[in-house]
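Q: After the structure tokens below, expect a handful of questions from me.
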Amino acid sequence: MLFTVASGYALQALAHMPEDGTFMMAKDLSEQLKLPAPYLAKILQKLARAEILESVRGPKGGFRLSRASHRITVGQVLEAMEGQGSLNGCVMGFPACDCDNPCPMHDAWVAVKAQVDSSMTSTTLRDLQLAKMRRTHLQSPQALRRRKT
């Protein structure tokens, strides 16, 4: 896995956020997604500090997307969670690894990193939301019955 569990939880939570600007409580998200509440709350707070989410305290508060889901990339979320340049560095652990002084994995890693970077900067939360809706629809009882016939 290239990214932490926290980043995975962040993407799950963000893909579940309503597009209409409605605030969601961390505990409600936690219950709906079956994720650990205290851990998810910390993740949501981190995303709010990174200005991916807005947060409001109180009974009518919670978290909501700071802008439309098509304007937030997966790369921005991963940068907020993992830090800038989380894929940088030598995968073999060498302190100096570059084109002039490559490790045995350098060329392969450069290609993988370029593909990951491209995918993360072009994929938005809206893309994740749409994929989630398609998957949910395909796994619905009605869809499963249609596939069996």
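Q: Which aspartates and glutamates have a Cα lying under 15 Å from the Cα of K132, excluding residues fewer than 8 positions away in the same chain?
A: E19
Q: Would you pull out the residues with amide H under 5 Å of T124's amide H, same chain only if 5 or more places away, H placed 1.01 Å from N?
A: Long-range HN contacts for T124: V74.
Q: Would you tally the net charge around P59, using a Cβ to Cβ cut-off of less than 13 Å, leaving P59 out, and scoring K and R as +1, D and E as -1? Write out the running numbers ahead of the final one.
A: On the way: positive: K27, R57, K60; negative: D28.
For residues surrounding P59, the net value is +2.
Q: Under the Karplus relation 6.51 cos²θ - 1.76 cosθ + 1.60, θ = phi - 60°, what is the ordered set of whole-Hz ³J(HN,Hα) values for segment 10-25, x standing for Gly and Pro?
A: Karplus values, whole Hz, x for Gly and Pro: 4, 5, 4, 5, 5, 5, 8, 5, x, 6, 7, x, 5, 7, 10, 6.
Q: Could you list which residues have their amide H under 5 Å from that of L53, counting only those 5 or more apart in sequence or on another chain, with H placed in the peptide plane?
A: A48, S66
Q: Still on this structure: With the cut-off at 24 Å, tell me which of the pairs K42/K113; K34/K60; K34/K113 have Cα atoms farther apart than that.
A: Values: K42/K113 28 Å; K34/K60 22 Å; K34/K113 31 Å.
From the list (K42/K113; K34/K60; K34/K113), the Cα-Cα distance tops 24 Å for K42/K113; K34/K113.
Q: May I pose another question? I'd like the distance between the alpha-carbon centres of segment 94-125 and segment 6-82, rounded to an integer number of Å.
A: 28
Q: Could I ask something else about it? Just need log10 I(q)/I(0) for segment 5-148 at q = 0.09, 0.17, 0.20, 0.21 Å⁻¹, Debye formula, equal scatterers on the alpha-carbon atoms, no solvent, rounded to two decimals.
A: So the normalised log intensities are -0.38, -0.96, -1.15, -1.22.
Q: Taking θ as phi - 60°, what are the ³J(HN,Hα) couplings along segment 102-119 by the Karplus curve (6.51, -1.76, 1.60), each to the nearest whole Hz, with x for Gly and Pro?
A: Here the 3J(HN,Hα) series is x, 7, x, 9, 3, 4, 5, 5, 4, 5, 4, 4, 4, 5, 5, 4, 4, 5 Hz.
Every number here is computed from the coordinates shown, using simple stated rules; none is lab data. Since the structure is predicted, the reported quantities are computational estimates derived from the model, not experimental observations. Ideal geometry is used to build each Cβ from the backbone, glycine not excepted, and the neighbour counts take in all protein chains shown.
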